[in-house]
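A.B. asks: Shown below is the structure under consideration.
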Amino acid sequence: MDLWQLTIHEAHELLKGKEISSLELTQAVLQSIGQAEEKIHAFVTITEDLAFKQADRADKQIRNGQMTPLTGIPGVIKDVICTKGIRTTCSSRMLENFIPPYDADVVERLNAYGIVIVGKSNMDEFAMGSSTENSAFFPTYNPWDLTCVPGGSSGGSAAAVAAGETIYALGSDTGGSIRQPAGFCNIVGLKPTYGRVSRYGLVAFASSFDQIGPLTKDVTDSALVMNAIAGYDPRDSTSLPYPVPDYTRALIGDLHGLRLGVPREYFIPGMHPEVEQAIRCAVGKLEQLGAKVDWDVSLPSTPYALPAYYIIAPSEASANLARYDGVKYGFSYQDTSNMWEAMGKTKQFGFGPEVKRRIMLGTYALSAGYYDAYYLKAQKVRTLIREEFSQALGRFDALLTPTSPSPPFKLGEKVADPLQMYLSDVCTLPINIAGIPAISVPAGFSDGLPIGLQIIGKPFAEEVLLHIAFAYEQATEWHKRRPPI
Amino acid sequence: MKLTREEVRHIAILARLGLSEAEVERFQEELSHILENFEVLQQVDTTDVSPTAHPIPTHNVLREDEAAPSLPKAEVLANAPRQEAGCFKVHAVLE
């Protein structure tokens, strides 16, 4: 097996046994990037020099017996997460040359765990999109079929993991941006509970939804990364001071005693029949593993989640993106001495079409005369959706749905119709509305294209999700399949 | 419901977002179409339902008022498009 194909836990064992060095592993991953990147385009920035420096440091730490489960293992950071001294662009012209003066909390934590950063991954501009086609630089291609999108917005992170251009990656998830690309690329993507992982240093999109999480080759790796990144951070006043368990203790293969529910509203009209079939098969497998399954749970407000989300998230975005005024950092229109014109043109030329669309939508929903009908109404619907999840998760340990209603779609297929693109998040965005955790795991294929199973849990019950996901993974072979490239 | 061009221009001014005429026309179509589809929300009975602004019940997070180092001025200003005398430089605000 080539070194770049290893999981975190496999690489750790080899590093610990001194069978390989971090330098060798890093070299192998950078070589894999050199070969695959021409086709995949997963990276905005490749940080080769930094990677070798960090690998060298990691090898010294390993020799000195100071080793964490992540020491010396290459990872990729989505380009919406600030890395000190390394360009952080959000795949936008606006931040094309932005060099953060500080690290995000998750980057500080991973540095303390001995990460080797090989690069910053491509994404939909400011994390707004479901295909990575909204990157201002270039689209990313799905390693399973280069004519298909890898999903989004963390499409670069997901494609890099799937193509062996990194051992693991971080992404961010506002309406499905970790889980949907994980599902599209046959890897594991976890969106933690809102407040579990610090958002300090995550460039804000919709502040009451955004959460950082891992994209990994298997469930064990997901638990290992969560051990490193979860926890309270006083610099993010919405992170919560709850103790962080050792997530690897949740990795148990038996599901007896667990109650699972399948909400019927997630099997929407028009969904791909093979996705529905794969998910029903996956649920059957969990039943075989000992879980008690109720196949007909109802969350009646589900159809209203999409409009509520696409009012609230753009509203928050319109406020968050007001900061890009061309004064403190980022692109700045200079051919005028008029302040208002400079501000307007900075945004006009700095932002791409989807970002502008959402700023417009959000500003409209918050404007005088429309606030009650749109924003306030959506927030009330948010309450209903949260309450329904809360009631259902009182009766069940987890809920099971598809991650996306279809397998990966073709590049260009949904670009012209924003609503069609928004529908791609229909199964994932209700979870962000409620602020609860969910994980996507590989659950089958349709014509050679991956299908993801989404497991949804109670607040701060990531262990339960990892437990179910691990049991499913042990009983199936889907996660072992590698893309043809 | 269809937005007028004037409404689109008004929203763009509120957002301080410059738009070309072609963009005004495009957003008039797209936003009208999106908002029309979102009208289903009005069907939901939200009588006596209070709004949720945030998924966690945190209010007024306080800390001790202790001095701590800030980011170095030079590093913060390094990303500034225009600077002078250790400050961000802006266009004249008053005419």
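FYI, it's all coordinate maths here, none of it is from the lab. Because the structure is predicted, anything quoted here is derived from the model rather than measured. Positions of Cβ are generated from backbone atoms using ideal geometry, with glycine treated the same way; all protein chains shown enter the neighbour counts.
A.B. asks: Could you give the dipole magnitude of the protein assembly as shown about its Cα centre, charging the beta-carbon of Lys and Arg +1 and that of Asp and Glu -1, in debye to the nearest 20?
C.D. replies: Computed charge dipole of the protein assembly as shown: roughly 580 debye.
A.B. asks: Could you give the dipole magnitude of region A:3-257 about its Cα centre, charging the beta-carbon of Lys and Arg +1 and that of Asp and Glu -1, in debye to the nearest 20?
C.D. replies: 460
A.B. asks: As a test, work out the antiparallel percent of DSSP beta bridges whose residues both lie in region A:3-257, rounded to the nearest 5.
C.D. replies: Values: 14 of 22 bridges.
Antiparallel: roughly 65 percent of the beta bridges in region A:3-257.
A.B. asks: Please give the calculated 222 nm ellipticity per residue for chain A, where each DSSP H segment of at least 4 residues contributes -39500 (n - 2.57) and the sum is spread over every residue; nearest 500 deg cm²/dmol?
C.D. replies: -11500 deg cm²/dmol
A.B. asks: Okay, moving on. Given chain B, what whole percent of its Cα pairs are spread farther than 15 Å?
C.D. replies: Taking all Cα-Cα pairs of chain B, the fraction more than 15 Å apart is 80 percent.
A.B. asks: Right, another one. Could you work out the local net charge near A:GLU125, counting Lys and Arg as +1, Asp and Glu as -1, over the other residues with Cβ closer than 12 Å to its Cβ?
C.D. replies: Around A:GLU125, the surrounding residues sum to -1.
A.B. asks: Note down the relative contact order for chain A as a percent, whole number, built from C-alpha pairs under 8 angstrom at least six residues apart.
C.D. replies: Taking the mean separation of contacting Cα pairs over the length of chain A, I get 17 percent.
A.B. asks: With a/c under 1.5 counting as rounded, go ahead and sort region A:3-257 into rounded, prolate or oblate using the C-alpha gyration tensor (a ≥ b ≥ c being the square roots of the eigenvalues; past the cut-off, prolate if a/b is larger than b/c, else oblate).
C.D. replies: rounded
A.B. asks: Residues in region B:2-17, backbone N under 15 Å from the label point at A:TRP340 (7 Å along the Cα-to-beta-carbon vector): list them, ranges by number please.
C.D. replies: B:9-17
A.B. asks: Given A:LYS39/A:LYS84; A:LYS78/B:LYS2; A:LYS60/A:LYS120; A:LYS377/B:LYS73, which pairs have Cα atoms separated by over 32 Å? Walk me through the numbers on the way to the answer.
C.D. replies: On the way: A:LYS39/A:LYS84 29 Å; A:LYS78/B:LYS2 38 Å; A:LYS60/A:LYS120 25 Å; A:LYS377/B:LYS73 43 Å.
Check vs 32 Å cut-off fails for A:LYS78/B:LYS2; A:LYS377/B:LYS73.
A.B. asks: Next up: Does the protein assembly as shown come out rounded, prolate or oblate by the C-alpha gyration tensor, with a ≥ b ≥ c the root eigenvalues, rounded set by a/c under 1.5 and, if not, prolate when a/b is larger than b/c and oblate if not?
C.D. replies: Oblate, because a/c is 1.5 or more while a/b does not exceed b/c.
A.B. asks: Separate question: So how do A:293-304, A:177-188, A:160-171, A:126-137 stack up, highest first, on mean other-Cβ count within 10 Å?
C.D. replies: Top of the packing list down: A:177-188, A:160-171, A:126-137, A:293-304.
A.B. asks: If packing is taken as the average count of other Cβ atoms within 10 Å, what order do A:147-155, B:48-56 fall into, highest mean first?
C.D. replies: A:147-155, B:48-56
A.B. asks: Considering only chain A, what is the antiparallel percent among its DSSP beta bridges, to the nearest 5?
C.D. replies: Numbers: 30 of 44 bridges.
The antiparallel proportion sits near 70 percent.
A.B. asks: Using packing as a proxy for protection, rank A:446-459, A:54-67, A:1-14 so that the peptide with the highest average count of other Cβ atoms within 10 Å comes first.
C.D. replies: A:446-459, A:1-14, A:54-67
A.B. asks: Straight-line reach only, C-alpha to C-alpha below 30 angstrom: list the lysines that A:LYS292 could link to, leaving out same-chain residues fewer than 8 apart.
C.D. replies: Within reach: A:LYS191, A:LYS217, A:LYS458, A:LYS480.
A.B. asks: Where a Cα-Cα gap under 15 Å defines reach, which aspartates and glutamates qualify for A:LYS285, not counting those fewer than 8 residues away within the same chain?
C.D. replies: A:ASP254, A:GLU276, A:ASP294, A:GLU473, A:GLU477
A.B. asks: Along the Cα→Cβ direction, 7 angstrom out, place labels at A:GLU96 and A:ARG235. What is the inter-label distance in nm?
C.D. replies: 2.8
A.B. asks: With just the Cα atoms defining each centre, how far is region B:1-46 from region A:94-117? Give it in Å.
C.D. replies: Using only Cα atoms, the two centres lie 37 Å from each other.
A.B. asks: Per DSSP H run of at least 4 residues, take -39500 (n - 2.57); add these up for chain B, divide by its residues and hand me the 222 nm value, nearest 500 deg cm²/dmol.
C.D. replies: -10000 deg cm²/dmol
A.B. asks: Within 10 Å of each Cβ in B:26-33, how many Cβ atoms from other chains are there, averaged over the peptide?
C.D. replies: Averaged over the peptide's residues, the number is 3.
A.B. asks: Still on this structure, please answer the following. Could you pull out every whole DSSP H run in chain A that spans at least 18 Å of Cα extent along its own axis and averages -1.0 or higher on the Kyte-Doolittle scale? Mind showing how you got there, number by number?
C.D. replies: Values: long enough: A:22-40 (26 Å, 0.03); A:48-63 (22 Å, -1.33); A:273-288 (23 Å, -0.32); A:305-320 (22 Å, 0.46); A:353-366 (20 Å, -0.03); A:377-395 (28 Å, -0.76); A:462-475 (20 Å, 0.43).
Helices meeting the criterion: A:22-40, A:273-288, A:305-320, A:353-366, A:377-395, A:462-475.
A.B. asks: Ok, one more. Calculate the spin-label point distance for B:VAL93 paired with A:ARG259, positioning each point 7 Å from the Cα along the beta-carbon direction, and give it in nanometres.
C.D. replies: It works out to 5.9 nm between the two label points.
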